[in-house]
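Taken together, the values in this text are just the output of simple stated rules run on the coordinates, not laboratory data. All of these numbers come straight from a predicted model, not from anything done at the bench. Glycine also receives a Cβ, built like all others from the backbone with ideal geometry; neighbour counts cover every protein chain displayed.
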Amino acid sequence: MSEALAGLRLALVGNPNCGKTALFNQLTGGRQKVANYAGVTVERKEGRFTGPSGRLFQLLDLPGAYSLEAASPDEVITRDVCLGHFPGETAPDVIVCVADATNLRLHLRFVLEVRRLGRPMVLALNMMDAARKRGITINVQKLEAALGIPVIETIAVQRGGAAELIRRLDGDKPSVVEVPSAGDLHAEVRAMIADAVSMPTRTAEIDDAIDRIVLHPLLGLALLALIMFLIFQAVFSWAAPLMEGIDAGVGLVGEWVGGALTSMPLLRSLVVDGIFAGVGGVLVFLPQILILFLFILALEESGYLPRAAFLLDRLMLKAGLTGRSFIPLLSSFACAIPGIMATRSIQDPRDRLTTILIAPLMTCSARLPVYALLIAAFIPNQTVAGIFNLQGVVLFTLYVAGIVSALAVAWVIKLVRRDKSEHALLMELPSYRIPHPRDIAIGLWERATIFLKRVGGIILSLTIILWFLSSFPGAPEGATEPAINYSFAGTLGHWLHAVFAPIGFNWQICIALVPGIAAREVAVSSLATVYALSGNEQGLQAIVASQWSLPTALSLLAWYVFAPMCLSTLATVRRETNSWRQVWIMAGYLFALAYIASLLTYQIARVMSA
Amino acid sequence: MNASMLQTLLVALIVSVSAILAVRHVAPGLFRLLQTSMARALSRSGRNAILRGVGLWLQPLEAKKGGCGTGLGCGSCGGCGTSPALQVDTIPLKINPRPTAHH
């Protein structure tokens with residue numbers, strides 16, 4: 001079989017945060033997550049593209065590595081693929097080593113290490129636009145001669161920025177360079193840079209100026225708190241008109257469809273009470289989720305997040321973690337699953353386990369609909385201290401409660417575990433970058449798609465099942481209470497009520513907790529369906545505000561700060577730890593914390609409001 | 001068919017599809033097992049053509065295409081050799097006790 005037909009297997013390797021995934025997306029048209037910090041890619045990704053000659057390329061995007069002597073689990077993948085030891089995978093035909101042109105002093109060392117493998121190789125000098133802006137000049141011919149491999153300039157974030165690389169890969173396969181396997185790599189890098197690179201300053205002046213404020217022990221922390229605070233203010237202040245628009249739209253369509261189904265009361269109930277009341281109740285939270293991610297994506301692209309990790313390192317060290325846990329924990333604000341997977345970049349297995357165990361305490365976006373519903377129902381939309389939205393302040397407090405709990409649990413784990421050794425944080429601080437509107441727009445589109453797929457998939461399915469369980473069997477003859485009381489779900493809700501009554505949950509909440517285990521947002525759609533079937537004509541927010549007491553609402557908020565109500569997260573913990581024991585430990589301590597926190601909240605609030 | 005029967009059928013269909021989708025999401029392993037067992041039972045020789053067709057349709061997608069788990073191989077040669085072990089890109093956590101310090 002000719003090589004053209006068989007295709008060429010390429011692997012993108014390089015130090016973390018040099019733009020491998022951006023290059024992967026540029027070459028394959030993929031939409032893998034990119035951000036301006038190390039450790040975004042923790043697994044091997046695969047894509048394909050066709051060269052101008054029609055040759056097919058199979059491209060692997062590998063986690064960043066500082067050395068082939070792997071120190072963390074994600075680096076093991078890169079090492080094994082390069083050496084051809086990865087199960088079920090042969091070594092790549094050509095290694096495309098990517099290096100950040102603004103930081104060759106660090107990145108060339110890894111290039112030289114990969115070159116020693118004796119495989120066909122190409123060097124992509126990425127971020128050439130940033131290098132030129134900083135006045136860095138690289139003599140590519142000299143570098144090519146010194147390395148003995150093709151060197152190609154690329155700008156992975158610019159359309160057509162990899163055209164030259166594609167042209168080169170589509171040509172003859174690069175030949176293998178024979179190099180001695182011993183010698184001082186650092187000395188070799190220094191010699192190459194002295195010969196081929198001219199750099200006015202080692203770091204960008206603007207970065208240094210910003211870092212003087214951002215990394216200041218006091219100013220930096222104050223700035224971090226302010227940024228987080230403003231994000232949650234915006235989530236409530238900006239989203240309101242959009243949410244009202246969606247709510248009105250869903251209501252109108254529901255009425256219209258319901259009107260067309262008057263001759264089929266059962267089907268009408270399924271569509272109006274089940275689908276529109278339930279799913280519509282969750283859909284309205286899309287604007288809030290997108291506003292939250294607008295800020296997270298902008299911070300990710302800017303290069304600020306590793307600085308935040310640096311700032312919090314001392315605090316995290318006291319709690320038994322390292323700053324390296326910051327990025328996985330931050331990823332958990334979107335969803336605990338990528339957060340748990342991102343712990344692969346943590347070298348110490350004990351630190352990794354602690355981070356996995358506390359990741360579900362970070363407030364994932366699936367909790368936002370529950371928080372937003374209860375806050376909107378019970379916290380007045382008023383301004384405090386002249387500028388702050390009170391609802392935003394409460395939301396911020398809930399997020400802080402999650403963070404503080406996570407640190408407290410990590411501290412307890414530190415006390416319990418025998419090995420109390422601490423690990424210094426060694427983390428690369430990337431250059432600041434102005435977030436690209438196109439990347440932010442793509443990121444938001446992805447988040448919206450994920451949310452809408454959940455709404456149209458698992459949330460819709462579970463809401464329909466809940467409607468069925470809440471509608472059958474019907475009320476017996478002569479029944480005086482609403483029919484839902486006699487249904488399967490109603491019976492289950494009344495049984496569970498005995499367990500949850502001390503924490504203030506009514507039987508409707510108890511029903512909603514069960515499908516909420518599959519996906520947290522389903523709790524909101526379930527409540528909407530249960531109340532709609534109970535004969536309530538109002539919207540869910542109005543029902544909650546009028547029928548629940550404040551202690552009950554606060555208790556449910558406390559429950560959602562802790563409860564491990566997500567089966568997918570538990571499955572991921574099982575996979576990443578290879579242990580059911582850790583899953584049971586995590587689920588057990590989170591349920592216990594949730595119950596105790598709700599009990600205290602409910603009882604204290606009841607006493608105070610009496 | 002009167003409106004009442006049509007309504008019952010539609011509701012049953014919607015609820016059944018929702019239940020299948022929910023099981024697939026919540027317990028993908030169990031769902032796959034059930035799907036494969038049912039497909040095998042329906043495709044058994046001796047069944048009529050319609051049932052065998054349904055069985056074939058029910059088979060998991062990669063089984064239809066001859067992918068992993070079919071004995072046809074996960075490699076790119078489409079079943080020309082023995083298949084490598086199914087690659088699972090996970091890195092399970094392994095904690096080894098630290099060596100005790102000698103004084």
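Worth pointing out:
- Residue A:387/residue A:69 FRET efficiency (R0 60 Å; Cβ-Cβ; nearest 0.05): 0.70
- Note on region A:32-107: dipole from Cβ charges, positive end direction compared against A:35, A:62, A:51; the farthest Cα belongs to A:51.
- Placing +1 on each Lys and Arg Cβ and -1 on each Asp and Glu Cβ, with no other charges, gives region A:304-401 a dipole about its Cα centre of roughly 200 debye.
- Calculated translational diffusion coefficient of region A:13-80 (25 °C, 0.890 mPa s; Stokes-Einstein with Kirkwood radius over alpha-carbon pairs) equals 198 µm²/s.
- Ordered by the count of other Cβ atoms within 10 Å of each Cβ, fewest first, A:525, A:181 give A:181, A:525.
- Inter-chain Cβ neighbour count for B:20-27, averaged per residue, equals 6 (cutoff 10 Å, partner chain atoms only).
- Angle of helix A:219-260 to the longest C-alpha principal axis of chain A, folded into 0 to 90 degrees and rounded to 10: 50°.
- Rounded tilt (10° steps) of A:567-577 against the dominant C-alpha axis of chain A: 40 degrees
- Counting, for every residue in A:67-76, the Cβ atoms of other protein chains within 10 Å of its Cβ and taking the mean gives 1.
- Loop GluC sites (Glu not before Pro), region A:154-197 (other Cβ atoms within 10 Å of the site Cβ: 12 or fewer; DSSP): A:178
- Charge tally around residue A:301: other residues with Cβ under 10 Å, Lys/Arg +1 each, Asp/Glu -1 each, net -1.
- Across peptide B:50-58, the mean count of Cβ atoms from other chains lying within 10 Å of each residue's own Cβ comes to 0.
- Full extension of the chain between residue A:498 and residue A:222 gives 94.8 nm of extra length, using 0.36 nm per residue less the Cα-Cα distance.
- Magnitude of the charge dipole, chain A, Cβ model with Lys/Arg +1 and Asp/Glu -1, debye to 20: 720 debye
- When the C-alpha to C-alpha distance is required to be over 26 Å, the pairs from A:45/A:173; A:20/A:414; A:45/A:453 that qualify are A:20/A:414.
- Between region A:490-549 and region A:361-384, the Cα center-to-center distance that results, in Å: 17 Å
- Alpha-carbon Rg/Rh ratio, for region A:98-202, with Rh computed the Kirkwood way: 0.95
- Peptides ranked, highest mean first, by Cβ atoms within 10 Å: ranges A:324-334, A:198-208: A:324-334, A:198-208
- Cubic angstrom per residue, convex hull over Cα atoms of the protein assembly as shown: 218 Å³
- Each Lys and Arg contributes +1 and each Asp and Glu -1, all at the Cβ; summed about the Cα centre of region A:140-274, the dipole is approximately 140 debye.
- Cα gyration tensor shape for region A:356-469, rounded if a/c is under 1.5, else prolate or oblate: rounded
- For the listed peptides A:356-362, B:43-49, a ranking on the average number of other beta carbons within 10 Å per residue, highest first, reads A:356-362, B:43-49.
- Positive-end extreme of charge dipole, chain A - chosen from A:545, A:572, A:245 (charges on Cβ): A:572
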